Amino acid sequence: MFKNAPMLFRFAVPIALAALLCSVPADAQKQKTTTNASVANEPLKLSLTSDINIVSACSGAQQVRLTANAVSPSGNPIKYKWTTSDGDINGEGPVVTWNVAGLKPGYHKASLNIVSAGSDGECEAFSSVTVLVNACAAVRPVCPAIEVTGPATVVLDQPITFTSKFSGGTTGITPAYNWTVSPGTIISGQGTGTVKVDTTGMAGQTIRASLSLGGYNLECYAETAVSIPVPKIISRRFDEFPDIARNDEKARLDNFAIEMQNDQTATAYVIVYPRKGGKRGEVQQHAARVVDYLVNSRNLDQHRIVTLVGPMRDQLGVELWITPQGATPPNP
């Protein structure tokens, strides 16, 4: 009995360590003691392999195929018992699948215990195999491509709208919109992709709108600028009247003088339109009368008054124009 014991250690497994054990029935032991006959049963042969040794926690391959190569020299049937440190074994027998989905990064072990029993005794063998689950590679955040646009045309003192759109970037992120404008005031839309900005009294200025998209752990930023136009300076016709009574004309000229005094840089234009068949010198006399009243009665500087003669009409008429500094004079 004892001289055959070294046979328990003659078999080495190339993939995983195997433990082998055989036992002899009591009557067989007794027979061997008395007759010194050799025992028929031999140790089992077992090797265990896996089709995948390294798995990424982020990959789609979450099933490992395990294959056992077990041989019973005595030809007795073999029973398989699979166990794992983590995950689930699906199937029975020498070929099974090991579900490693959701396992934490690190080494995980699958073990197999086989047993073969016959009239000449029972043999048992054990082996295991490990699979390494690698952690997912850190995803580097990427900013989306952001575009901010303003209106094509701007109406003076009217609100303007800035709109944003973006594409690409790290997926699965709900961005947080944060707008800033300078100068100007956001009156609606903060926290959304579109904002409305008040531009009252901002003629001639440039409004810069900036958008920062939060949620990417990066400075995801875009901006644009819109210029508010300067109102065009033009001459303004203040009043127009025909050849009316002198007192009525003075009342019209009083209002005109007050308006001229409000802008000391403006020029007054008095346009007299002659009537068809009018008397000679009538236009000059009427223009002189208007200028005399503005200068001597309303204290308007004569250098700020320009008189023009317009084309002939059916009746004599007068137009009073105010031309701010830099504006184009009226052209009758």
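Listing for the model above:
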{"quantity": "Selection within the stretch 136-152 - exposed (fewer than 13 other Cβ atoms within 10 Å of the Cβ) and within 17 Å of Thr194 (Cα to Cα)", "calculated": "Ala145, Ala152"}
{"quantity": "Of the criteria (1) under 30 Å from Asn53 (Cβ atoms); (2) part of a loop (DSSP other than H, G, I, E, B); (3) over 23 Å from the mean Cα position of the chain (by Cα), which one Val139 fails", "calculated": "(3)"}
{"quantity": "Flag if Ala101 is in a strand (DSSP E or B), in the same structural domain as Leu44 (by TED's automatic domain parsing) and either out of contact with any His (no Cβ under 6 Å at 6 or more places or on another chain) or over 30 Å from Thr224 (Cβ atoms) (or both)", "calculated": "no"}
{"quantity": "Residues located in the stretch 55-112, provided they are among the aromatic types (Phe, Trp, Tyr) and loosely packed, with under 13 Cβ neighbours inside 10 Å", "calculated": "Tyr107"}
{"quantity": "Strands (runs of 3 or more DSSP E) contained entirely in the stretch 155-227, each with at least 3 residues that are surrounded by 13 or more Cβ atoms within 10 Å (Cβ to Cβ)", "calculated": "160-167, 176-182, 194-198, 206-214, 220-227"}
{"quantity": "Neighbours by Cβ (under 8 Å, 6+ apart or cross-chain): first from the stretch 285-306, free of Cβ contacts under 8 Å to residues at least 24 places away in the same chain; second part of a strand (DSSP E or B) and loosely packed, with under 15 Cβ neighbours inside 10 Å", "calculated": "Ala287/Val309"}
{"quantity": "Output for the stretch 251-280, where each listed residue is in a loop (DSSP other than H, G, I, E, B) and over 17 Å from Asp314 (Cα atoms)", "calculated": "Asp263, Gln264, Thr265, Ala266"}
{"quantity": "Tally of residues being closer than 27 Å to Val154 by Cβ and not hydroxyl-bearing (Ser, Thr, Tyr) across the stretch 213-236", "calculated": "13"}
{"quantity": "Selection within the stretch 130-154 - farther than 30 Å from His108 by Cβ, of a type outside the set (Val, Ile, Thr) and in contact (Cβ under 8 Å) with a residue 24 or more places away in the chain", "calculated": "Pro141, Cys143, Pro144, Ala145, Glu147, Gly150, Pro151"}
{"quantity": "The one condition in (1) over 30 Å from Asn69 (Cα atoms); (2) basic (Lys, Arg); (3) not in a loop (DSSP other than H, G, I, E, B) that Lys109 fails to fulfil", "calculated": "(1)"}
{"quantity": "Sole residue being out of contact with any Asp or Glu (no Cβ under 9 Å at 6 or more places or on another chain) and modelled with pLDDT of 95 or more, chosen from Val195, Val155, Val142, Val131", "calculated": "Val195"}
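The values are calculated or read from the model by the stated rules, or taken from the named source; none is laboratory data. Everything numeric in this text was worked out from a predicted model, so none of it was measured. All Cβ positions, even for glycine, are placed from backbone atoms using ideal geometry, and neighbour counts span all protein chains on display.
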